[in-house]
Each structure stands twice: as structure tokens, then as C-alpha cells.
Amino acid sequence: MNFRDYLPYYRRNLKVAGPIVLSQVGVALTQLVDTFMVSRLGTIELAAVSFASSVALLGFLFVNGLLMGVTPIVGQTYTSNDLGSDEVKVRRIGQIFQNQMLLAVVSSILMLAILLLVTNFLSYMGQDVAVVECAIPYYIVLAISVLPNTLFMAGKQFLEGLGNTSVAMVITIIANLVNILFNYFLIFGKCGFPEMGILGAGVATLISRIVMPIMLFVVIYWKKDWWAYCKGFRVNWFSWKEVRDICVVGLPIAAHILMEMSAFTFSGIMMGWLGAAALASHQIASQMSNLLFMVVLGISAATTIRVSHQYGAKDYHAMRMAANASIHLCLCANFMMGTLLILFRENIAMLFSSDAEVIRLGSQVLVMAGIFQLSDGMQAVGAGILRGLKDVKITMYVAFLAYLVINLPLGYVMAFVVGLGAPGVWIGFIGGLSVAAILFRIRYLRDFRRIMRNEE
């Protein structure tokens, strides 16, 4: 296969991926804007945002991962020709969506309770006392925003299963502008609003996340094709079996994401053992990496959609070509982004802090973050391919090995035993992500061979 053969697949994948990338970048920018604007308050405040965000993010991503199970289910149902009439297909997809919303409500309430319970343990995680005291109010407000965030994610994943990725993009951009505006008002007390400092950043995030599901469901109501899936909602469609079927796909995805982000969270806690400056530098590198990862995450989500659609339509050649095209796009994007991180590491660190020690450590850590971009991209797209095939249990086992067995111990040894400090923690990421990327590739190539043998 040459470039000309792949060109139509690059275009189709980018058409799906583009809005998802912008949408995901918007989500990342919400947290990045909080970090940037809070950094004007000082190193303690910046470290507090890092600590609170790292802990809360675990809960958010677990629930989001649980709901991601609906995308390949809807995608394969939407393109399948085995259900007969369009009316039957609409009813079936409507049942899936209704039970996904049930799962979203129940899981977000449970996660909120867990996050609030964790508040009692924040002071036992080895962080500076001043950092913990500053972080708790911000953390509580951030935890409350899990409810509207989960409802938005449920609608977003459903629409992505139908192949639409642009609505969530527009809504996320609008919500991000709302967040920036209220950050300015509430952090610094502008235009008659109270000066709330770090708590203001949390309230601004909560407001923006309430806006998102409201706008999304208004759009669904206005669009007749999408409202057709909702207007038939009825009590006897609620089914714990349907919820279980979504969880069968979603739970391994959620576990994979949880273990991956646990590596980031516990690495952040280890950074806190090195001091507030190290933790602040970790926040800078994490936020930049997270922003760049949104590009890859968009490509990965588009890969899940494209692979699930082609798999549902039983066009296995197109399925494999779409997967390979995503890999090519990911390698190109991550190489460029990693290079930029390394080249402009000091400039980036100086944007977030004027503290000389934070800038020095941040520059060192950003080099590691630049190096791990290729492995991070490959593992994300590999996981996206497997999700499109609904082969998701293996991702959970690989995540356990790569992130908990390799990543965290390697980071600890390099930072505290070898004595590399903050950059050593990030060397653990490079090792863990590389292992995940290799194992995911071995698995989906095996799946492709099995599918093609069955077809023959």
C-alpha cells in the first residue's frame, strides 16, 4: 500500500477526528486555563490545583471510560444490516441511549459520594500542609462538577457512535469561553464579583460544565433525526441487562483509563514528596502533555468510530485501512508535538511561573514529556482500534502491567533510588507507555488476522 491508497482513509479519519480533537482540546484547555490563571497567585496555589486535579481526575475519567462503551455498541448497531427495518434500528438505538443515561446518572452520583469521601484522606498523602489546605475547597467544587460532566459525556459518546463529532466540539468551545470569563471574574474579583482565588477557578469550571449538557440536549431536541431516538423513551425500556451490556464493554475501558491516570496521580503524589516546586513543575508538564494528548485522543476516538462502523458493515479491508491510517496520522502528529515541547521547554515553563526553581525543574520534566509522546500516541490509537472491535478486556490487563507494575515502580526507582528527582518520575511514563503500545499492537494485529481468516 502506498500514500495514494491511504489518502481517502486519511481524509475520512481526519473528518471524524477533527471535531473530536477540538472538543477534547477544549476540555483540556478548561483545566489548563485554571492552571495558568491560578499560577498568577503563586507556587502554593499552583501546586494545590495540581494536587486536587490529579485526585479528582481519577473519578472523572473512570465514569467517562464507563460511558465510552456505548460508542462501539451504537456504532456497530448503526451500520448493521441485520436488524431489518429502520424503525427497528431506531428503537434499538433508543433503548441503548436510554439505558446509557440511566448508567450516567447512577455512576455520577456514586462517584460524587466517593470523591467527597476522599476529601478526608487528602491530608494523609504526604503533601505540604499549606498545599492541602489550599486544595480542599477547590477539590470539593471540582468533585460536584462530575454530575453535569457525566451527563454531557453520555450524550457526546452517543452522538459519536452515530458518527457525529461536531456538536460536542462547538459546545466544548463555548463552555471553555464561559470558563475563561468566569475564571477572570471569580479568581481576581473583577466586574463586581467576589475575589475567590483558587476557589473561583473551581466555581468557574462548575458553571462551564453545567452549561455543556444543557446545550447538548437542546441540540438533540431540535434535530429530528436524533430526537427520534429519545421520543420513544419508556419505562419498560429500562433494563439492567442493557446497562450490564454497556458495562461489559465500558468497565474494561474505564479500568484501563483509571490505571493509566493512577500512574499520573501517584506520580504527582511522589512529586509532592520532592517539594512544592517539583509538584508545580509536574503540573506544568502534565497540563501540556494532557493538552497534546487530546489530539491523539481525538484520533483514537475517531479510530473507534471508523473501525466499529466498518466492522459492523463487514467491510474488513476498509476497517484495517482505517486503523493503519490512524496510526500514520498519530505518529506524524506526536513527533511534531514532542519536538515542540522539547524545543520550547523553558518558554513554556516561564509562561506558568516566575519561580526560578519551578522553571528549572519544569524544563527538565518537559523534555521527558516530549520523548514519551510517540509511545503515548501509539498506545492510545492501539486502544482505540481494540475498542472499535469491542476487544476491551485485554486493554485492562495491559494497563495493569504497563502502568502499575512497570510505570510507577520504575519512576520511583529513577527518582529516589537513582537520584534523578523530578525527571526520574517521568522516565517511568516512558517505560510504561512503550510497553502498552507494543502489547496493544500485537493484540489488534492478531484480531485482524482472526477476522480475515473467519471471512475467508
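The values are calculated or read from the model by the stated rules, or taken from the named source; none is laboratory data. In this text, all values refer to a predicted model and were calculated from it rather than measured experimentally. All Cβ positions, glycine included, derive from the backbone under ideal geometry; neighbour counts span all protein chains shown. Ligands, DNA and RNA are stripped out before the accessible areas are found, and what is left, the full protein with its side chains, is counted by its heavy atoms. Shrake-Rupley method; radii C 1.70, N 1.55, O 1.52, S 1.80 Å.
Along its first, second and third principal axes, ordered by size, the chain spans 65, 49, 36 Å in Cα coordinates. Over the C-alpha trace of the stretch 307-456, radius of gyration and Dmax come out as 18.6, 64 angstrom. In the chain, with Lys and Arg counted as +1 and Asp and Glu as -1 at Cβ, which of these residues, Phe3, Leu116, Met294, has the Cα nearest the positive end of the dipole, that is, farthest along it? It is Phe3, whose Cα lies furthest towards the positive end. Between the helical axis of 86-118 and the longest alpha-carbon principal axis of the chain there is an angle of about 20 degrees.
In this simple spin-label model, placing a label point 7 Å from the Cα along the Cα-to-Cβ direction at both Cys191 and Leu331 gives a separation of 4.8 nm.
Each residue was assigned an accessible area with a 1.4 Å probe, and for Cys332 the value is about 80 Å². Return one number: the angle in degrees, 0 to 90 and rounded to the nearest 10, between the long axis of the Cα atoms of helix 166-188 and the longest principal axis of the Cα atoms of the chain. Its long axis makes an angle of about 20 degrees. What's the FRET efficiency of Arg453 with Asp5 using the Cβ-Cβ distance as r and R₀ = 25 Å, to the nearest 0.05? Efficiency for this residue pair is about 0.65. Measure nothing fancy, just the Cα-based angle from helix 422-455's long axis to the longest principal axis of the chain, in degrees from 0 to 90, nearest 10. Helix 422-455 sits at roughly 0 degrees to that axis. For a paramagnetic label modelled on Val418 (point 7 Å from Cα along Cα→Cβ), amide N atoms under 19 Å away belong, within the stretch 324-364, to 361-364. The fraction of accessible area contributed by carbon and sulfur in the chain is 67 percent, rounded to a whole number (1.4 Å probe; ligands and nucleic acids excluded). The label-point distance for Ile214 and Ser239, in a model that sets each label 7 Å from Cα toward Cβ, rounds to 3.5 nm. Rg and Dmax over the alpha-carbon atoms of the stretch 121-180 stand at 16.7, 48 Å. The residues of the chain expose, per residue, 40 Å² of accessible area to a 1.4 Å probe.
Largest accessible area first, the listed residues Glu87, Glu260, Glu45 line up as Glu87, Glu45, Glu260 when surface is computed with a 1.4 Å probe on the assembled protein chains.
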